[in-house]
2 protein chains.
Amino acid sequence: MIDFYDTKTSSVNQAAGQRISLAHGGGGQLTDELVASCVLPRLDNCVLSQLLDSAVFRGAERLALTIDSYVVKPLKFPGGDIGRLAICGTVNDLAVCGATPLAIALSLILTEGLERRVLEEVMDSLAAAALEARVSIVTGDTKVVGRGQGDGIYITTAGVGAAGNHKLHPDEVRPGDTLIVSGPIADHGMAVMLAREMPQVQSVLKSDVAPLNEMIERLLDRVPGVVFLRDPTRGGLSGVVADLANRTGLHITLEEQEIPIRPETWHAADMLGVDPLDVANEGKVLAVVRPDAAEAALAALRQDAHGKDARIIGQVNDERDGVCELHTKMGGRRVLQKPYGEQLPRIC
Amino acid sequence: MIDFYDTKTSSVNQAAGQRISLAHGGGGQLTDELVASCVLPRLDNCVLSQLLDSAVFRGAERLALTIDSYVVKPLKFPGGDIGRLAICGTVNDLAVCGATPLAIALSLILTEGLERRVLEEVMDSLAAAALEARVSIVTGDTKVVGRGQGDGIYITTAGVGAAGNHKLHPDEVRPGDTLIVSGPIADHGMAVMLAREMPQVQSVLKSDVAPLNEMIERLLDRVPGVVFLRDPTRGGLSGVVADLANRTGLHITLEEQEIPIRPETWHAADMLGVDPLDVANEGKVLAVVRPDAAEAALAALRQDAHGKDARIIGQVNDERDGVCELHTKMGGRRVLQKPYGEQLPRIC
């Protein structure tokens, strides 16, 4: 028996190696070893460590549930990586619905041949973002696919939250409401595009990827007049505002000169020929608030590092045409539409 | 303006086409069109149709949360497909923890070039399985990756459930407890392996993929002596029982002649040279029950179509060696270990 066990042990150690193999996805000893060495130590908590088929934890009367898959390329980009993105994106989707995160579930699809070191770095970053957002990963899954059937790491995170009492819904939006954005737009999309399309360019541009739950909780606690929140990810600010105009049937105007954009982001958008309004953000929120709550909302957002450059950028009008119109810096007018596809695939 | 709109509309229709393009993953008009035409009509319910960042629904005091990614190859196999698998796997992970499903979140990673027809068939099957399991898909996400970076469809499903009051945990397992399996093992894994490795072979073998929540709810309602449940997926029955022996530190014996296996499954395992005990199931449950509850548990399971061939297959002994031992049909003894990797990757 001892020989038999020894052989097994040493072969586990060999195959554990420095790269992920298909066998790491088999649900056997190798999967256990991978999860125990690369994943669990970084995410440790008393619910996760039970390792049961479902994690069990304290609930709430009304729940919010969200899920997103992350396939961003490259895995690491200026200002973040796929691990940080997977936490922030899911936490922000809960937060903009007025929900407080209760738990996160994490599923990995790894590609055979992936370096263990890369997985470890991503898990470090994911764990740091979870700590920053004050959320726990309570359950997970790991699969491995062959070369040419994946691209390193795809992450899917699902978040469950306690729904708050705030009515945040497009149906709440009324003529006269004010649109606020929490800071400079397009940093995430432009940072990823630049890293991918022009890796030779040196730029100070960084993704804005950040968890916004603390900032949004403060906003909702302090300001009663917030009626709708959304994080302008894929599709950018255009996508979110055009969607809102379409759903409410109201006419929304945005003032181009009020929309904050960093010079380096402008520069990158110019080089790559894209409209920053169409570009993904991962650490910004668009808030629609009653006009008399606008100043209080700005003040609440600006108290947070992620909202210090918050600005009023537009308003909801009483024409019932469902159109979003941009008043340009040059004094012109342009209809904003939800982007058709995406300037660059795999931005998140 | 009319020309502009017309052009857009006709180009949406052209690009919508018969195959998935990278632009379908951009979060713009094309993503909306894909989701609205292929996904939403099949899953329609009043929570999902809100299309907000998080779905909000009634909660529970204690929650169960689970997540799994499905990368099975081929997408369709005798007895099921990746859509049915994604619902059943997640529902079963909730059920074996004694939880009643409240909602499912669904995330798709599609590969550029995928035929729309294939996606539609998978979504049909997923919707039918959700109906069978009486669960709703309340939120979702869709991403697209390039050719050579995926393999048609990867699905991740997260399930949130109301945790029951049943204590189902390895720590509850005691010497004397009885092991029951709800029916013939290894059908899922062997059906997928046969479809992939020997597509020329004609066999009646089918995957057992099925939602077990109704059967498990009945078992738990009627039989107070159930102490642990697990669905033997990747790693098979060996994996689950070896894990349980290891976690409890108790000696578990299985009687090979009592373990139900269909003749066609034996035959396929024999041809492919694998041990059916190591092979994945997707519609079976292993139940550990107090000895005086065994007959009642068998009776409760057998009332359900998915449990009609339930059998007592082993017991927990009082030796404290953490070993799982198989008493073979020939009168021999063999230590069962959790499989090392997997006979065939991408079984689920």
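Below, the figures for the structure above:
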item	result
7 Å along Cα→Cβ, label-point gaps from A:Gln257 to other copies, nm, shortest first	9.2
Most mobile of A:Arg302, A:Arg311, A:Arg222 in a GNM of chain A (Cα contacts under 10 Å)	A:Arg222
Highest-MSF residue in chain B out of B:Phe57, B:Phe228, B:Phe77 [GNM, Cα springs under 10 Å]	B:Phe57
Listed peptides A:333-341, B:184-192 by packing density, highest first (mean Cβ within 10 Å)	B:184-192, A:333-341
Rounded, prolate or oblate (a/c below 1.5 giving rounded, otherwise prolate when a/b exceeds b/c) for the stretch A:53-163 by Cα gyration tensor	prolate
Considering only the stretch B:53-163, percent of DSSP beta bridges that pair antiparallel, nearest 5	70
Viscosity 1.002 mPa s, 20 °C: Kirkwood-radius Stokes-Einstein D of the stretch A:148-205 over Cα pairs, µm²/s	128
Rg over Rh [alpha-carbon atoms, Kirkwood Rh] for chain B	1.03
Over the stretch A:288-331 - Rg/Rh using Cα atoms and the Kirkwood inverse-distance radius	1.06
Share antiparallel - DSSP beta bridges, the stretch B:201-333, percent rounded to 5	70
Amide proton proximity set for A:Ala210, modelled H, under 5 Å, gap of 5+	A:Gly283
Out-of-range pairs (alpha-carbon distance over 21 Å; input A:Lys73/B:Lys143; B:Lys143/B:Lys284; A:Lys167/A:Lys308; A:Lys338/B:Lys143; A:Lys308/A:Lys338)	B:Lys143/B:Lys284; A:Lys167/A:Lys308; A:Lys308/A:Lys338
Partner chain coverage, peptide B:162-170 - average Cβ within 10 angstrom	2
Per residue accessible area of the stretch B:87-159, 1.4 Å probe, in Å²	24
Shortest-first nm distances, B:Arg334 label point to equivalent points in other copies (7 Å, Cα→Cβ)	7.0
Shielding by partners, peptide B:27-39 (average Cβ within 10 angstrom, other chains)	4
Residue-normalised accessible area of the stretch A:260-348, expressed per residue, 1.4 Å probe, Å²	45
Shielding by partners - mean other protein chain Cβ count within 10 Å, residues of A:133-146	4
Equivalent-ellipsoid semi-axes of the protein assembly as shown, from the Cα gyration tensor, Å, largest first	47, 25, 23
Within a Gaussian network of chain B (alpha carbon springs, distance under 10 Å), most fluctuating of B:Gly307, B:Gly89, B:Gly249	B:Gly249
Cα-based Rg of the stretch B:170-336 normalised by 2.2 N^0.38 Å, two decimals	1.01
Distances in nm from A:Ala36 to the matching label points in the other copies, shortest first (labels 7 Å along Cα to Cβ)	5.1
Protection-proxy order for peptides A:200-210, B:100-110, each taking the mean of Cβ atoms within 10 Å per residue, highest first	B:100-110, A:200-210
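The values are calculated or read from the model by the stated rules, or taken from the named source; none is laboratory data. Remember, it's a predicted structure, so these values are computed and weren't measured experimentally. Backbone-built Cβ (ideal geometry, glycine too); neighbour counts: all protein chains shown. Keep in mind that these areas ignore ligands, DNA and RNA; they rest on the heavy atoms of the full protein, side chains included. Shrake-Rupley method; radii C 1.70, N 1.55, O 1.52, S 1.80 Å.
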